[in-house]
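Contents: one structure, followed by commentary.
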Amino acid sequence: MDERRQEAARWYALCATGALDNGAIYRTELHGAGLVVWRADDGRVNVWEDRCPHRGVRLSLGHHRGDTLQCQYHGWRFASGEGACRAVPAHPQASAPPIHVTTWPAIERYGFVWTCQRADGAATAAFPPVDALAAAQSQGCVPLRTTTIDADLASVKHALSAYVLPHADAAECAAFECESGTLTVESLDGAACSAIFVLQPAQAGKTRVHGVVPGEFDVAQRLALQRAHQARLNAMRDALEAAADLQAASLAKAPEPSHAAGAPSSPVAVTMPLVRMDAARSTTSAAISASGDEGGPFTVHLARSGGSVDVPAHTSLLDALRAHGIEVPTSCEQGVCGTCLTPVLDGEPLHRDVWLDARERAAGDCMLVCVSRSRTPTLTLDL
Ligand code: FES
């Protein structure tokens, strides 16, 4: 099995089971894919692709309806368990269409919800016992707040190997890797001091760190431990993210790659065009946001069709495109379903939808043209 398949075949913790209390619908990511996690009224936990199979809207924006999850766009309901469509409100007399949400195995263990994704459709790997977590659960433990770090799983793992426990010196600690992305950090001098971290590879380049501290503590001790660990995790996160910023800055300063015949390709050569695109965006952005008129008129250049479209202040980009005979597939036309997603080649979109997540907005390389506009005087779209 190649490394990617091995990764997919592992079980990963997605959230603490308490995150699903009172009908909460929890959105998270695994290996860059959005997931919705929810518990039906009969107690069953579901891990599904965060996408309605009807129009692509995020199901995590929907409503908990007992044993179904209801998409907030057209109200289609999907059943706990197999994820089959159960009802379509617009056609109450008709039988539900034979479509399913993409579902993943879900298991509750050691206070977390876990899932395992096998892209090849093979049988799910058995959940391996994680002795450290089992022991922690039997003797009691203090949950730590989940921390999201802008760094990949390998970097976070490496940083945790030098984690310093509260009340212990660095030299006395060691990290041991267990199953399913779990690391225990222990004091080596025999003191009753350890922590267990469970790592979740979330969006590309982001890792979520869940953790528990084994042992029974009174309220004051619990609070002190949680505060101390949070301070250490925050410091680790800041250091990792600062290192990543430094690396990005040094890439930005690297000389332009040579395109001369026979010039060797290198990782720097591959990343440079991206860096230049970001730099171009920020330059135009600075020039334009000076106007401060974010809802004002702008011009769209059409990279594939050629030509340009002026978008007046009170006209939507979609309407302006249609007036020039440019058809974009749409459905909701309210920034909810994602159907009109369009790649942005230059300029900075002004996002006004509820479909893109924070990372996608920050990347600025796509937009929903039904509701979004431009922060810059011009946008170049792949249309
Ligand atoms: S987001 Fe639904 S059509 Fe634009």
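The values are calculated or read from the model by the stated rules, or taken from the named source; none is laboratory data. No experiment lies behind these values; they were computed from the predicted model shown. When we count neighbours, we look across all protein chains shown, and the Cβ atoms used for this are built from the backbone with ideal geometry, even at glycine. What goes into the accessible areas is simple: the full protein's heavy atoms, side chains included, and nothing from ligands, DNA or RNA. Shrake-Rupley method; radii C 1.70, N 1.55, O 1.52, S 1.80 Å.
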**Complete:** SASA check, Val219, accessible area w/ 1.4 Å probe, all protein chains in place, rounded to nearest 10 Å², comes out at 110
**region 3-116 - accessible surface per residue (Å², probe 1.4 Å)** = 46
**Request:** Return the long-range amide H neighbours of Asp50 (sequence gap of 5 or more, or a different chain), with a cut-off of under 5 Å between placed amide H atoms.
**Result:** Gly34, Leu35, Val36
**Item:** Label-to-label distance, nm, for residues given as Ala220 and Gln139 (7 Å Cα→Cβ offset)
**Value:** 2.3
**Asked** Roughly how much of Glu327 is accessible, in Å² to the nearest 10, using a 1.4 Å probe?
**Response** 130
**Request:** Could you tell me the distance between the Cα centroids of region 341-383 and region 24-73, to the nearest Å?
**Result:** 25
**Asked** Given a Förster distance of 35 angstrom, what is the FRET efficiency for Ala126 paired with Asp41, based on the Cβ-Cβ distance and rounded to 0.05?
**Response** 0.80
**Message:** Spelling out what I want: for every residue of region 36-48, take phi, set θ = phi - 60°, compute 6.51 cos²θ - 1.76 cosθ + 1.60 (Karplus), and round to whole Hz; glycine and proline get x.
**Reply:** 10, 10, 8, 10, 6, 4, 7, x, 6, 9, 10, 10, 10
**Prompt:** Once both labels are modelled 7 Å past Cα along the beta-carbon direction, what's the Ala235-Thr330 spacing in nm?
**Reply:** 5.3
**Complete:** Spelling it out for Phe112: with amide H atoms placed in the peptide plane at 1.01 Å from N, the residues 5 or more places away or on another chain with amide H under 5 Å from its amide H are Thr17
**Message:** If each residue of separation counts as 0.36 nm, what is the full-extension length gain between Gln93 and Gln72 once their alpha-carbon separation is subtracted?
**Reply:** 5.5 nm
